[in-house]
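Reading through the structure tokens given below for one structure.
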Amino acid sequence: MSATVPMDPARPVTTHDLGAMKAARTPIVMLTAYDTSSARLVDEAGVDAILVGDSLGMVVLGHDSTLPVTMEDMVHHTRAVVRGTTHALVIADMPFMSFQVTPEDALRNAGRLMAEAGAHAVKLEGGRHMASTVARLVESGIPVMGHVGLTPQSVHQLGGYKVQGRETPVALALIEDCRALEDAGAFSIVLECIPTELAEMVSRELSIPTIGIGAGAGCDGQVQVFHDLLGLGGEFVPRHARRYADVGTVIRDAVAGYASDVRGGAFPSAEESTSMDTTVVAEVDRLRASSARAVGVVRADEA
Ligand code: KIV
């Protein structure tokens, strides 16, 4: 993987473009975003795809897992991201229990993310057991990204946020999962927290692009969580993330400066305020004083 041919920034990225990027060995860049202002920055930076991940439950809404995230949350945040994006492909995550119960539920909910929220594609967690659901969505014109390995919606079944696929049976099962998703029509698959060697095997074997997070450099693309990259997630940085900026410290220092200026009377200045003509001030003051006298109110400085 070496070529670096960025997508034409003047036009929107499609799911087909991601396939072409794999064929051209051009690494695919994906990042999460959850609101209009962050989506605008991520889009302007030229990423190929924005994932409105259900990780928003943890990094934006303060939950301790992704399980409480609702369809309403996803529609709300996806809409906001779409409003801030002109170039990147916007992929909306399907939240826990929005696609597992029946394929009809999955279709209705994926349809909402596309029609109401304006997503260009959806992502859902799971392998072979989700293949028929993926096929149902794809047949209905909804592009689907798969997600295997560490699937956070199954955190309680997995016994924690742990690397998956180190043992032969699990590795073989994961390869079968990826094949089934590809056969079902998925346009791409996220590989989360699996060994580099396994991710390389899968990426070689599939004709659709793999997007890794904690899966090494052999994937066709990479995805990261916005807050991890920018130091907005507190002290904890996952092993697979790299902090490219400490925006959290920048924000904390800026807010502390604002608070100190307000308390010290340094904000706002005259330049940051507006003023009235002195004759208007005098007239308002005179009229207010005479009407107060008329109703018998006497100001302290007049008493
Ligand atoms: O929800 C999310 O942000 C994700 C990525 C970590 C792949 O699923």
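The values are calculated or read from the model by the stated rules, or taken from the named source; none is laboratory data. Model, not experiment: these values are computed from the prediction. We place every Cβ from the backbone using ideal geometry, glycine too, and count neighbours over all the protein chains shown. The area values use the complete protein model at the heavy-atom level, side chains included, leaving out ligands, DNA and RNA. Shrake-Rupley method; radii C 1.70, N 1.55, O 1.52, S 1.80 Å.
Do you know which of the residues in the range 229-247 that are within 11 Å of the ligand (Cβ to nearest atom) and in contact with a helix residue (DSSP H, G or I) (Cβ under 8 Å, 6 or more places away or on another chain) is modelled with the highest pLDDT? Top of the filtered list is 241. Each residue in the range 37-70 was checked for being more than 11 Å from the ligand (Cβ to nearest atom), β-branched (Val, Ile, Thr) and surrounded by fewer than 20 Cβ atoms within 10 Å (Cβ to Cβ), and 1 of them qualify. Checked against (1) outside any helix (DSSP H, G or I); (2) over 18 Å from the mean Cα position of the chain (by Cα); (3) buried (at least 18 other Cβ atoms within 10 Å of the Cβ), residue 181 passes all but condition (1).
Looking at this structure, is residue 182 in contact with a Leu (Cβ under 6 Å, 6 or more places away or on another chain), of a type outside the set (A, V, I, L, M, F, W, C) and more than 16 Å from residue 31 (Cβ to Cβ)?
Numbers: in contact with a Leu (Cβ under 6 Å, 6 or more places away or on another chain): yes; of a type outside the set (A, V, I, L, M, F, W, C): yes; more than 16 Å from residue 31 (Cβ to Cβ): yes.
Yes, satisfied.
Among the residues making up the range 144-157, a single one is open to solvent by 30 Å² or more (accessible area, probe 1.4 Å) and within 16 Å of the ligand (Cβ to nearest atom): 154. Residue check: residue 103 meets all listed conditions (1) crowded, with 20+ Cβ neighbours inside 10 Å; (2) away from the ligand (no atom under 15 Å from the Cβ) but one, namely (1).
Between 251, 213, 208, the distinction of being touching a Gly at 6+ places or on another chain (Cβ under 8 Å) and of a type in the set (A, V, I, L, M) belongs to 208 only. Flag: residue 160 matches the condition of being surrounded by fewer than 18 Cβ atoms within 10 Å (Cβ to Cβ) and either β-branched (Val, Ile, Thr) or in a loop (DSSP other than H, G, I, E, B) (or both). Under the condition of being open to solvent by 20 Å² or more (accessible area, probe 1.4 Å) and either of a type in the set (A, V, I, L, M) or touching a strand residue (DSSP E or B) at 6+ places or on another chain (Cβ under 7 Å) (or both), the residues counted in the range 89-100 number 1. Within the range 121-136, take every residue that is in contact with a Pro (Cβ under 8 Å, 6 or more places away or on another chain) and over 17 Å from residue 223 (Cα atoms) and give me the one that is surrounded by the most Cβ atoms within 10 Å (Cβ to Cβ). Looking at residues that are in contact with a Pro (Cβ under 8 Å, 6 or more places away or on another chain) and over 17 Å from residue 223 (Cα atoms), I get 133.
Taking the listed residues 208, 175, 213, the one that is within 12 Å of the ligand (Cβ to nearest atom), in contact with an Asp or Glu (Cβ under 8 Å, 6 or more places away or on another chain) and not acidic (Asp, Glu) is 213, with no other qualifying.
Please enumerate the residues belonging to the range 71-88 that are within 14 Å of the ligand (Cβ to nearest atom) and either of a type in the set (D, E, K, R) or surrounded by fewer than 24 Cβ atoms within 10 Å (Cβ to Cβ) (or both).
Taking the range 71-88 and keeping what is within 14 Å of the ligand (Cβ to nearest atom), we get 73-74, 77-78, 81.
The one that is within 14 Å of the ligand (Cβ to nearest atom) and either of a type in the set (D, E, K, R) or surrounded by fewer than 24 Cβ atoms within 10 Å (Cβ to Cβ) (or both): 73.
Return yes when residue 132 is hydroxyl-bearing (Ser, Thr, Tyr), within 16 Å of the ligand (Cβ to nearest atom) and assigned to a helix (DSSP H, G or I) and no when it is not.
Details: hydroxyl-bearing (Ser, Thr, Tyr): yes; within 16 Å of the ligand (Cβ to nearest atom): no; assigned to a helix (DSSP H, G or I): yes.
Against the criterion (hydroxyl-bearing (Ser, Thr, Tyr), within 16 Å of the ligand (Cβ to nearest atom) and assigned to a helix (DSSP H, G or I)), residue 132 does not qualify.
Every listed requirement among (1) in contact with a Lys or Arg (Cβ under 9 Å, 6 or more places away or on another chain); (2) closer than 21 Å to residue 51 by Cα; (3) open to solvent by 20 Å² or more (accessible area, probe 1.4 Å) is met by residue 217 save one, (1).
No other residue among 76, 63, 87 is at pLDDT 95 or above and within 22 Å of residue 188 (Cα to Cα) apart from 87.
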